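Chemist: Submitted below is the structure of interest, expressed as structure tokens.
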Amino acid sequence: MRKPLVAMIFALAVAGAVAAPAVAAPVGVKPAAKAAEPTLKAVSLAGTVALSNCSGSVVRFPNSVDTDPALVLSNGHCSSLLDPGQVITNRPANRPFSLLDSSGAQVATLKAEKLAYGTMTDTDVSIYQLTTTYAAIKTLYGVSALTVRDTHPTAGTAVTVASGAWKKLLDCNIDGFVHRLKEGKWTWKDSVRYTSACQTIGGTSGSPVIDQATGEVVAVHNTGNENGASCTLNNPCEVDQRGNVTVRKGINYGQQTYQIPACFTTDNQLDLSAAGCTLPKP
């Protein structure tokens, strides 16, 4: 996991940094297009949110309808540092989220009604149910939810990590998938590894990872190896099927989200017993 946003802001202030955070890689520079590739959509900050310590996004699923209660996707560790094996479902919550439009301007403060799902086991995800609907958000603020794709992404896909907390768009590609990603006491399965252009920082945790060709969410950003240490906090390591460990200093990772839609049914309600739902259960 990255350091909390508040801690990062403090560190920048001590160092004499200006308000805008430094990002190691250029922002907004997309890979050179090839003739066979689809036309890339313009990815923006519309639908992203800023939490007190992380980033997130208002999301819907392929079967969601406009009158459903809206959902916010972020990381499990943005809720709390959950123990391995711990799964939270339908816990009351009143957490606020700052909703951004395409320019990064805050247009509303949305409120959670409950934490519908949260875990750091196998994945690192939190899903909040809001007190309002997709239709109301669109009508009042002109912002549409991002759709979570329900199929596995592919290596080489051009993606954008969209941080509501920093109001930054980081463009790169999916470099590949990690059998097991270990960080401290946590282990995540089939994680997304980005190419080096996505240099994330504290506060980008929970950002949607958006397919540039479709505008769909394919992962949620959650961590990166900061200083080359192996399998420690803020320094995840990759473990392959044979148990071989690889450390990639400066490389960042996200958790896939294609498994989530099957676990939310009518009215966007969590149903971990639904057909096809493979999310960890309490």
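Chemist: Measure off, as a whole percent, the carbon and sulfur share of the 1.4 Å-probe accessible area of the chain, all protein chains present. The partial results should precede the final answer.
Modeler: Values: 6300 of 11760 Å².
About 54 percent, which is the carbon plus sulfur part of the accessible surface.
Chemist: Would you mind telling me which residue in 81, 115, 146 has the biggest mean-square fluctuation in a Gaussian network model of the chain, where springs connect alpha carbons within a distance under 10 angstrom?
Modeler: Top of the fluctuation ranking is 81.
Chemist: Could you order 114, 281 so the one with the most accessible surface comes first? Probe is 1.4 Å.
Modeler: Order by accessible area, largest first: 281, 114.
Chemist: Which pairs, out of 138/249; 138/168; 167/189; 138/185; 167/281; 138/182, put more than 30 Å between their alpha-carbon atoms?
Modeler: Exceeds cut-off: 138/249; 138/185; 167/281; 138/182.
Chemist: Are there trypsin sites (Lys or Arg not before Pro) in region 209-282 that DSSP puts in a loop and that have at most 13 other Cβ atoms within 10 Å, and which ones?
Modeler: 242, 249
Chemist: Computed from these coordinates, which is percent of Cα pairs over 37 Å apart: (i) 29; (ii) 12; (iii) 7?
Modeler: (iii)
Chemist: Roughly how many Å² is the accessible area per residue of region 102-259, as a whole number, for a 1.4 Å probe?
Modeler: Per-residue accessible area for region 102-259 comes out at 34 Å².
Chemist: Hey, how many Å between the Cα centroid of region 227-241 and the Cα centroid of region 128-176?
Modeler: Cα centroid to Cα centroid, the span is 27 Å.
Chemist: Okay, moving on. State whether region 155-223 is rounded, prolate or oblate according to the following rule on the C-alpha gyration tensor (a ≥ b ≥ c being the square roots of its eigenvalues): a/c under 1.5 gives rounded; otherwise a/b larger than b/c gives prolate, and the remaining case gives oblate.
Modeler: The shape class here is oblate.
Chemist: In region 197-249, which GluC sites (Glu not before Pro) fall in coil by DSSP and have 14 or fewer other Cβ atoms within 10 Å?
Modeler: On the way: sites: 216, 226, 238; in loops: 216, 226.
Counting only loop positions with at most 14 other Cβ atoms within 10 Å, none of the GluC sites (Glu not before Pro) in region 197-249 qualifies.
The values are calculated or read from the model by the stated rules, or taken from the named source; none is laboratory data. Model, not experiment: these values are computed from the prediction. Cβ atoms come from the backbone with ideal geometry, glycine included; neighbour counts cover every protein chain shown. Please note that ligands, DNA and RNA were not included when accessible areas were found on the heavy atoms of the full protein model with its side chains. Shrake-Rupley method; radii C 1.70, N 1.55, O 1.52, S 1.80 Å.
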